[in-house]
Amino acid sequence: MGRMPKVHLLDYVAGNIRSLVNAIEKCGWEVEWIRSPEDVQKAEKIILPGVGHFGHCLTSLSTAGYLPAIQSHISSGKPFFGICVGLQALFTGSEEAPSVSGLNIIPTSLKRFSAENADGSKKSVPCIGWNDASTLHHDSDQNQTAALEKGRSFYGLNQRSKYYYVHSYFAPYVPGELEASGWVVATATYGDESYVGAIGKGNVFATQFHPEKSGAAGLRVIKAFLEGNIWSDPVIPSVPGTSSTAANGAPSSLAGKTDGGTNGLTRRIIACLDVRTNDQGDLVVTKGDQYDVREKSVTSTTGPGQVRNLGKPVDMARRYYEQGADEITFLNITSFRDCPITDLPMLEILRRTSETVFVPLTIGGGIRDMTDPATGKTVSALDVAKLYFASGADKVSIGSDAVLAAEEYHASGGHLTGRTSIETISAAYGAQAVVVSVDPKRVFVSSPSDTAHHTVRTAFPDADGRQHVWYACTIKGGRETRDLDVVQLCTAVQALGAGEILLNAIDRDGSNRGYDLELIDMVKAAVGVPVIASSGAGVPSHFEEVFRKTGVDAALGAGMFHRGEYTVAQVKEHLGQAGLLVRPFEEF
Ligand code: 1PR
């Protein structure tokens, strides 16, 4: 460990720095922390990661006296790497915080993504998913143009690789403008808005995407920066599980297809692990149907009446990552009873998973204000979330507490108190870090006038022939049904600051019958934040169906993967062959 080369990391806000540290260590480097502006002067290479709000980030840096130190580090010619808001900091300013100035090294201002393209089609904001960082357009600087034309790779970026972005604000890309002043720019396009995905000049490099969350493709970028490889020969990614590869190493079936309707992002596949303590006290991945996780079969190895044990969380998460999962979600499904702050094994699972899994990790379960049983002191939802972020989570998922907050929101006529778990976590870490997990159940009615709730006419009437349903929200893992419908919940949590909806469907959970498309359509029409379809996936074609028939942003599977019926790679292969855009998986 002592002989590893060192890079300095500026952790000005308690974000998810753990996965960046893990990624740096995976590249064979060691992290040294910058604790004060004086430390900046001693540093040779600096990485500035950024999470959350532009104004919050720049104000914190400025108040602590870091801005002049960073400026002189950059002008001294020493290597600097900004990530996400760390990239944004290089610009003049942002619509997100008009009164706050950036470092003004790049004379452009950041804009917010519009929710609609010029042709009227919708796009979700925040933008969450995998996109390009393409250096194919370039001009002006002779040397750079020559390097790019010779097929050289800039900081390890690969034209065919995909990188994980999560942001609402972007640096607009105007062809040739930044290049004219010597910048090399890699771009991505979200809907009809092109923006800077990565940028570099001299000793400065920055990415809007998260390289530490972009699998092997991202690790290569970090390694290139650490090793000072500004220009290198492109790496041909090797692809596990397939013999048919295109020139860029991607499975041929996945390469070069055009897929409208994604606004440029790949189809995002999420593997979800419900984790709980079994009767022997071990944390296991479990899965039931309609939220009943106890074994019914007398022939199973687990034994009837016992919590179904499908494997070890860390091992399974790594397996899904290696199969090409774009994201991993852990739901701590007994935490509404237990207190997560005493739930050290769950934190340990996150810590260990983030050492080997370089895609986004979400953790849900028990995120709410609570009392620490050991000290009797109140612990806020934000403190619980902080523990999860510090242990390696990128997003937290809130279930029961979101329902209660939405009820209060509607009861108060849409008043924001600033005190709910969604609001406090979103303010500190950004909307993209707050997922709301929704657990709705169908309630049949004969006619929409029979209820005050939002209804949909269903193609699957109940035994009594009733053709209309509303979706009732539940809490405590489906054990308690509330008088709140799914549209009321989703619109309220969006207003409170949630950045994504994880949309389960209790009636479909574990059924292998496919997703509830009627539910998904209803929620997609009601909100502008990304929606993840969940519950019911049984075969790869269910993923294709939900992507083709609804505007959903991502699709999640659990049981079919855990029971070994299909791998994530098989789902992606199926989607690729059907002409849908998926991320090629690569090895580091
Ligand atoms: O309420 O904030 O403590 O969060 C608890 C979280 O735990 C909620 O997100 C809730 O959905 C989840 N949860 C609670 N109890 C259970 C249970 O199973 N007994 N799991 C549970 C919910 C649903 C999904 C599942 C999909 C896909 N599991 O996680 O992965 O339905 O399954 P499939 O692909 O096999 O059909 P809080």
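The values are calculated or read from the model by the stated rules, or taken from the named source; none is laboratory data. Because the structure is predicted, anything quoted here is derived from the model rather than measured. Counting neighbours? That spans all protein chains shown, and the Cβs are built from the backbone with ideal geometry, glycine included. These accessible areas exclude ligands, DNA and RNA; they are computed on the full protein's heavy atoms, side chains included. Shrake-Rupley method; radii C 1.70, N 1.55, O 1.52, S 1.80 Å.
Some values worked out for this structure:
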item	result
Members of segment 398-412 that are away from the ligand (no atom under 16 Å from the Cβ) and open to solvent by less than 70 Å² (accessible area, probe 1.4 Å)	Y409, S412
Positions within segment 435-456 being in a strand (DSSP E or B) and either modelled with pLDDT under 95 or out of contact with any His (no Cβ under 6 Å at 6 or more places or on another chain) (or both), in sequence order	V435, V436, S437, V438, P440, K441, R442, V443, F444, V456
Complete set of residues in segment 480-504 that are within 15 Å of the ligand (Cβ to nearest atom) and in contact (Cβ under 8 Å) with a residue 60 or more places away in the chain	R482, L484, L489, V493, L496, A498, E500, I501, L502, L503, N504
Residue ID - surrounded by the most Cβ atoms within 10 Å (Cβ to Cβ), chosen from residues in segment 36-63 that are in a loop (DSSP other than H, G, I, E, B) and over 29 Å from the mean Cα position of the chain (by Cα)	A43
Test set (1) in contact with a helix residue (DSSP H, G or I) (Cβ under 6 Å, 6 or more places away or on another chain); (2) away from the ligand (no atom under 11 Å from the Cβ) - F547 fails condition number	(1)
Qualifying position, being in contact with a His (Cβ under 7 Å, 6 or more places away or on another chain), at pLDDT below 95 and at positive phi, among G477, G430	G430
Any hit, segment 567-585, residues being under 19 Å from the mean Cα position of the chain (by Cα) and near the ligand (Cβ under 10 Å from one of its atoms)	no
Test: A558 is buried (at least 19 other Cβ atoms within 10 Å of the Cβ), within 9 Å of the ligand (Cβ to nearest atom) and without any contact (Cβ under 8 Å) to a residue 40 or more places away in the chain	no
Lone qualifier among D507, D516 - being more than 19 Å from S400 (Cα to Cα) and within 13 Å of the ligand (Cβ to nearest atom)	D516
Scope segment 348-390; condition buried (at least 23 other Cβ atoms within 10 Å of the Cβ) and of a type in the set (S, T, N, Q); matching residues	T353, S354, T362
Residue that is nearest to the chain's Cα centre (by Cα), among those in segment 312-334 that are among the acidic types (D, E) and not in a helix (DSSP H, G or I)	E327
Close pairs (6 angstrom Cβ cut-off, 6 or more residues apart or separate chains): more than 14 Å from T481 (Cα to Cα) in segment 398-427, within 11 Å of the ligand (Cβ to nearest atom) and charged (D, E, K, R) anywhere	S421/R368; S421/D401
Unmet requirement for G392, which otherwise passes all of (1) away from the ligand (no atom under 16 Å from the Cβ); (2) within 14 Å of I363 (Cα to Cα); (3) assigned to a helix (DSSP H, G or I)	(3)
